[in-house]
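Reviewing the structure listed below.
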Amino acid sequence: MFQNIPEVKLGIVAVSRDCFPIELSKRRRSAIAEICKTKELPVYEVQTIVENEADMLKAVSEATEAGCNALTVFLGNFGPETPETLLAKYFDGPCMFVAAAEGDGDMINGRGDAYCGMLNCSYNLAMRHLKGYIPEYPVGDATELADKMAEFIPIARAVIGVKNLKIITFGPRPQDFFACNAPIKGLYELGVEIEENSELDLLVAYKQHENDPRIPEVCADMAQEMGEGKYYPELSARMAQFELTLLDWAQAHKGSRKYVVFANKCWPAFPSQFGFEPCYVNSRLAARGIPVACEVDIYGALSEYIGACVSNDAVTLLDINNSVPPYIYEEDGIGKLGYKLTDTFMGFHCGNTPSCKMCAERAVKYQLIQHRLLEPAGSEPDFTRGTLEGDIAAGNVTFYRLQCDSEGVLRAYIAQGEILPVATRSFGGIAIFAIPEMGRFYRHVLIEKHYPHHGAVAFAHIGKALFEVFKLLGVDDIAYNQPKALPYATENPFA
């Protein structure tokens, strides 16, 4: 198994304007590095202090040779505008820019004016059309800046991942399910590669894995994961064969890229030809940081991957599916939790959510909708088995998506909320979500901006980091669930 989520090694390089004491930058940089050590952050202290362009090239070389793939540019004093911003051009990785606060010396020889220098740094980055991550308040003492570096690591992890990602598809999308189709132009703007294949290519590769000697080991792992009575033993070999097919394809087709996700067609032909539904296998790969988006949803796969990088945890992809019936809202006292009925909805998909994110009662079952569609009425489920079903576990979530719209413009949304500890009384991998002001968000973001029904789900509140990731990736339109006091541009003020 290859490592599909980047590991960040963050370098810190201090810069110094030549008419300010260089010792300020050196001492302040070392103080930050020491605190990073106590926090066990993966930080390398670049010894070269940048005063000019030659220093800049030397610092980039030192950081690169040390294995750094992200960089903190630290203005220990005012800083040299040209070389400090050129670090973002010559270093191959995301860069954060921060500045030293005063207070660790006198106000004559101990004053660095980095508060002022950060303004010119930002101006010069814009002049050169260079992107850098600047925190909400980028000035601080050693402890505060070490904390900002810790916040930068998941942001850097996502940016590194996207810049080294290939999306592999097996399609095309099913007829009458074109909603998640989107121009691939946006992928190339992000630096993402895409490899599009047919479902027939996948079937050929699957057949070539018949009797693969690794199948029994995968079957045993599936049995251990699910537990007795929670899966179909007679299906395990087929599903293990499919899992190995995807993993081998990813390894063989990464090409120049380091990381891979899939966006695969899963109906209507798949179950009858492969003999099972792929959902449980997809869930297992997602649990290992290799999301497999349903229904050839390329931007769903990309969104999942970004969330996996930021949270460093398993994610899922769900339909923004159905409203919560008033009787469930009343019977389970959802209103007492502080939510209106319109704040709630059910997120659902056939069975792709990793088992580690589901309630204990989860089990491999059959896909009811496909059974109705593809198998004889009244028959026992056969090839429509293979979904991982049950209620998804309660807890904090972030519902989000990065999308290229029909005009080729990248846009995104982020909404934080929670999965409620309320039984859904339904089928599939499903949960009751509560997001403040979801009704307004549904109308004035999801509908108004023409988002498809799929949304990515991270099992934590990661909105702050996601927002910064999307900004660094060049997304200008980042929507969120605005409070009632902040109307949307399209919201009727007379309603």
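The values are calculated or read from the model by the stated rules, or taken from the named source; none is laboratory data. Nothing here was measured: the structure is a model prediction, and the numbers come from that model. All Cβ positions, even for glycine, are placed from backbone atoms using ideal geometry, and neighbour counts span all protein chains on display.
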So A205 passes all but one of these: (1) out of contact with any Phe, Trp or Tyr (no Cβ under 8 Å at 6 or more places or on another chain); (2) touching a residue at least 12 places away in the same chain (Cβ under 8 Å). Which condition number does it fail? (1)
How many residues does the range 132-166 contain that are buried (at least 18 other Cβ atoms within 10 Å of the Cβ) and among the hydroxyl-bearing types (S, T, Y)? 1
Which listed residue is crowded, with 16+ Cβ neighbours inside 10 Å and either in contact (Cβ under 8 Å) with a residue 60 or more places away in the chain or outside any loop (DSSP other than H, G, I, E, B) (or both), from G110, G93, G105: G93
Listed by first then second residue, the pairs whose first member lies in the range 137-155 and is assigned by TED's automatic domain parsing to the domain that holds E40 and within 18 Å of A114 (Cα to Cα), whose partner is crowded, with 20+ Cβ neighbours inside 10 Å and among the hydroxyl-bearing types (S, T, Y), with beta carbons under 9 Å and at least 6 positions apart or on separate chains, are L145/T72; K148/T72; M149/T72
Quick one: is G417 surrounded by 15 or more Cβ atoms within 10 Å (Cβ to Cβ), of a type outside the set (S, T, N, Q) and touching a strand residue (DSSP E or B) at 6+ places or on another chain (Cβ under 6 Å)? yes
For the structure I just gave you, tell me whether H371 is over 24 Å from A158 (Cα atoms) and in contact with a Gly (Cβ under 9 Å, 6 or more places away or on another chain). no
Quick check on my filter: what residues within the range 36-59 are in contact with a Ser or Thr (Cβ under 9 Å, 6 or more places away or on another chain) and surrounded by 16 or more Cβ atoms within 10 Å (Cβ to Cβ)? V43, E45, T48, I49, V50, E51, D55, M56, K58, A59
With the structure loaded, tell me whether A423 is of a type in the set (G, A, S) and surrounded by 21 or more Cβ atoms within 10 Å (Cβ to Cβ) or whether it fails that test. no
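Results for (1) over 19 Å from V260 (Cβ atoms); (2) crowded, with 18+ Cβ neighbours inside 10 Å; (3) modelled with pLDDT under 95, shown as yes or no for each residue.
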{"position": "N181", "(1), (2), (3)": "yes, no, yes"}
{"position": "I194", "(1), (2), (3)": "no, no, no"}
{"position": "L202", "(1), (2), (3)": "no, yes, no"}
{"position": "K207", "(1), (2), (3)": "yes, no, no"}
{"position": "P213", "(1), (2), (3)": "yes, no, no"}
{"position": "G227", "(1), (2), (3)": "yes, no, no"}
{"position": "L235", "(1), (2), (3)": "yes, yes, no"}
With (1) in a loop (DSSP other than H, G, I, E, B); (2) at negative phi as the list, and G11 as the residue in question, which single condition is left unmet? (1)
Take T169 and decide whether it is buried (at least 19 other Cβ atoms within 10 Å of the Cβ), at pLDDT 95 or above and at negative phi. yes
Any residue at all in the range 432-453 that is within 29 Å of V281 (Cβ to Cβ), in contact (Cβ under 8 Å) with a residue 24 or more places away in the chain and surrounded by fewer than 20 Cβ atoms within 10 Å (Cβ to Cβ)? yes
How many residues does the range 113-130 contain that are charged (D, E, K, R) and surrounded by 15 or more Cβ atoms within 10 Å (Cβ to Cβ)? 1
Please note which strands (runs of 3 or more DSSP E) are completely contained in the range 250-352 and include at least 3 residues that are at pLDDT 95 or above. 259-264, 315-322, 344-349
Residue under question is E51, and the condition is that it be at positive phi and not assigned by TED's automatic domain parsing to the domain that holds Y259; does it hold? no
Out of curiosity, is V192 within 30 Å of C359 (Cα to Cα) and not assigned by TED's automatic domain parsing to the domain that holds A88? no
